[in-house]
Ligand SMILES: [Zn+2]
């Protein structure tokens, strides 16, 4: 037996969680710079935001 495959819902759920954690870690400081990347308009945060937006539009995930 190979490792159990995740269902699509599980994958989407994990993606959502990861994106949320990423977004929290890369939340811009009041001066607009990312505390981790030390740059304004952190690309990681933008990608996480885009991902969350896309995931919300799938409606495959519960309301958590
Ligand atoms: Zn960042």
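Please give the helix 8-25 orientation as an angle from the longest Cα principal axis of the chain, in degrees from 0 to 90, rounded to the nearest 10.
20
Which value in nm describes the separation of the simple spin-label points at residue 20 and residue 3, placed 7 Å from the Cα toward the beta carbon?
Result: 2.3 nm between the two label points.
Going out from 0 in 10 Å bins, what whole percent of all Cα-Cα distances in segment 9-58 drops into each bin?
Here the calculated profile for segment 9-58 is 28, 48, 20, 4.
Compute the long axis of helix 43-58 from its Cα atoms, compare it with the longest principal axis of the Cα atoms of the chain, and write down the angle in degrees, 0 to 90, nearest 10.
40
Hey, rough spin-label estimate for residue 49 and residue 27, points 7 angstrom out along Cα→Cβ, what's it come to in nanometres?
1.4
Any chance you could run the full-extension gain for residue 10 through residue 41? It's 0.36 nm times the residue separation minus the Cα-Cα distance, nm to one decimal.
8.2 nm
I need the peptides 30-41, 47-58 ranked by packing, meaning the mean over residues of other C-beta atoms within 10 angstrom, with the highest value on top.
Details: 30-41: 11.2, 47-58: 13.5.
Highest to lowest by the protection proxy: 47-58, 30-41.
FYI, it's all coordinate maths here, none of it is from the lab. Keep in mind that what you see is a predicted model, and the values were worked out from it rather than measured. Using ideal geometry, Cβ is built from the backbone for each residue, glycine included, and neighbour counts are taken over all protein chains shown.
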